[in-house]
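Colleague: Questions regarding the structure given below will be posed in turn.
FYI, it's all coordinate maths here, none of it is from the lab. Small disclaimer: the values here were computed from a predicted structure and weren't measured. Counting neighbours? That spans all protein chains shown, and the Cβs are built from the backbone with ideal geometry, glycine included.
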Amino acid sequence: MHLPPVYTVESVTSGHPDKVCDQISDAILDACLAQDPYSRVAVETFGAHGQLMIGGEVTTTADVDYAAIARHVYHHIGYGDGIDINVHVSSQSPDIARGVDAGGAGDQGIMYGFATDETPEGLPAGVVLVHRLTKGLENLRRHDQRFSFLGPDGKAQVSIERRGVSAVVVSAQHNQGVTLEELRRALSDHLVEPVIDSLDGVGAHINPAGAWHRGGFAADTGLTGRKIMVDTYGGIIPHGGGAFSGKDATKVDRSGAYMARFVAKQIVAKGLARQCLVSVAYAIGKAEPVMVAATDENGRDISAHARQFDFRPQAIIERLGLRQPIFQQTAAYGHFVVLVCSRWFHNYRSCRAERS
């Protein structure tokens, strides 16, 4: 498939309310996997105005303090205010467990994976740039004393046209000790221009709505799985609708999408396509997918290349090393930018983080 000639993509910082919830859910998953690699976890988090609720289903031998994990993640992100936490986690349904025990998919669904030779990350340029902007906001806040006025919440948007970047939007939470003019000048000089390279002909909008003092749960609600486009390809590539965070890899929402991305990258790396879209579909409880398909940038059917790979859930887990506690780091700044398991590529043996 061809990328659209004109598109806009979004990213949010780790302090965005939805991303706080994603990180808490994945931190709980990691804590379970660290003690019991065969844990089955489906946990979601909801936060609003000083309250946090953790709910879901798990099957694990791990002894996990859900509230303590949530509180640690919340404060590590940068929020100093107190929060009341309620936990409602029960055992997984035995009806679902029977199918998974036999190696089947933990749910039905459709997953998509995409790769392009446009960037070293194998992602569209706009997706790479927009995550650099939001990650850059966090880096300035954490590591540069000149930006201690920044708060954890923030978001960015990049618009791409044929000639390149046409517009950039950055909105950053900040304290009252900085004027709007100072904020805009500082972020333009130290964030937007270094990331975009040149602002000639680019419409740059920094805090276009004005001052932003209240962020996080003090200003908005958050929910696990509500930023699925930010997590993947920014909405310019199809999405099956299933979120990733808080789910172990027996849930094909996550592992199937990771595998589809891996296969798309392999096809592009081998020179079989410049852009590749892989789609896979499952029936709950069944190991073999009901569909595996792939197309290139010209819409040509290259499904035969994708079908050379094993898309059974257990095979994916083994190939990509998905029983390891590696998931919290994926829960902000894009799953396919932040984490690449290096066994996905030739001539590597261990997992590493690949960051933009």
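Colleague: Taking the Cα-to-Cβ direction at R307 and at A48 and moving 7 Å from each Cα, how far apart do the two end points lie in nm?
Modeller: 4.8 nm
Colleague: Hey, quick one: spin label on T221, modelled 7 Å out along Cα-Cβ, who in the range 42-70 has an amide N within reach, i.e. under 15 Å?
Modeller: Label zone hits: 45-55.
Colleague: Here's another thing I want to ask about it. Mind ordering 129-141, 278-290 by average Cβ neighbours within 10 Å, highest first?
Modeller: 129-141, 278-290
Colleague: Label points 7 Å out from Cα along the Cβ direction at Q176 and D84: separation in nm?
Modeller: Distance between the two pseudo-spin positions: 2.6 nm.
Colleague: Okay, next question. Residue by residue through the range 81-88, what is 3J(HN,Hα) from phi via Karplus (6.51 cos²θ - 1.76 cosθ + 1.60, θ = phi - 60°)? Round to whole Hz and write x for glycine and proline.
Modeller: Those phi angles translate into 6, x, 8, 8, 10, 10, 10, 9 Hz.
Colleague: Another question, then. Highest mean first, what order results for 319-328, 298-307 on Cβ atoms within 10 Å?
Modeller: With the highest mean Cβ count within 10 Å placed first, the list reads 319-328, 298-307.
Colleague: With the cut-off at 30 Å, tell me which of the pairs K155/K265; K155/K286; K227/K286; K227/K265; K19/K270 have Cα atoms farther apart than that.
Modeller: Violating the 30 Å Cα-Cα cut-off are K155/K286; K19/K270.
Colleague: When the chain is treated as a GNM, springs tying every alpha-carbon pair under 10 Å, which of H88, H335, H143 comes out with the largest mean-square fluctuation?
Modeller: Highest fluctuation of the listed residues: H143.
Colleague: Something else now. When Lys and Arg each count +1 and Asp and Glu each count -1, what net charge do the other residues less than 12 Å away from D310, Cβ to Cβ, add up to?
Modeller: So the surrounding residues net to +1.
Colleague: Below 13 angstrom from the Cβ of V6, what's the summed charge of the other residues (Lys, Arg +1; Asp, Glu -1)? Walk me through the intermediate numbers first.
Modeller: On the way: positive: R162, R163; negative: E161.
Local net charge: +1.
Colleague: Kindly put D296, D310, D144, D248 in sequence by how many other C-beta atoms sit within 10 Å of each C-beta, fewest to most. Present the calculation step by step, with values, prior to reporting the outcome.
Modeller: Working: D296 19, D310 15, D144 12, D248 26.
Sorted ascending by nearby Cβ count, the order is D144, D310, D296, D248.
Colleague: Please identify, among G241, G126, G177, the residue showing maximal mean-square fluctuation in a Gaussian network model of the chain using a 10 angstrom Cα cutoff.
Modeller: Among G241, G126, G177, the largest GNM mean-square fluctuation belongs to G177.
Colleague: What residue among G246, G210, G109 shows peak mean-square fluctuation when the chain is described by a Gaussian network model with Cα springs under 10 Å?
Modeller: With Cα springs under 10 Å in the chain, the top fluctuation among G246, G210, G109 is at G210.
Colleague: What fraction of the DSSP beta bridges in the chain is antiparallel, stated in percent and rounded to the nearest 5?
Modeller: Bridges in the chain that DSSP calls antiparallel: roughly 75 percent.
Colleague: Taking the Cβ-Cβ separation of S188 and R214 as r and a Förster radius of 30 Å, what is the calculated FRET efficiency to the nearest 0.05?
Modeller: Efficiency computed from Cβ-Cβ geometry: 0.80.
Colleague: Test of understanding: express the Cα radius of gyration of the chain as a ratio to 2.2 N^0.38 Å, with N the residue count.
Modeller: 1.00
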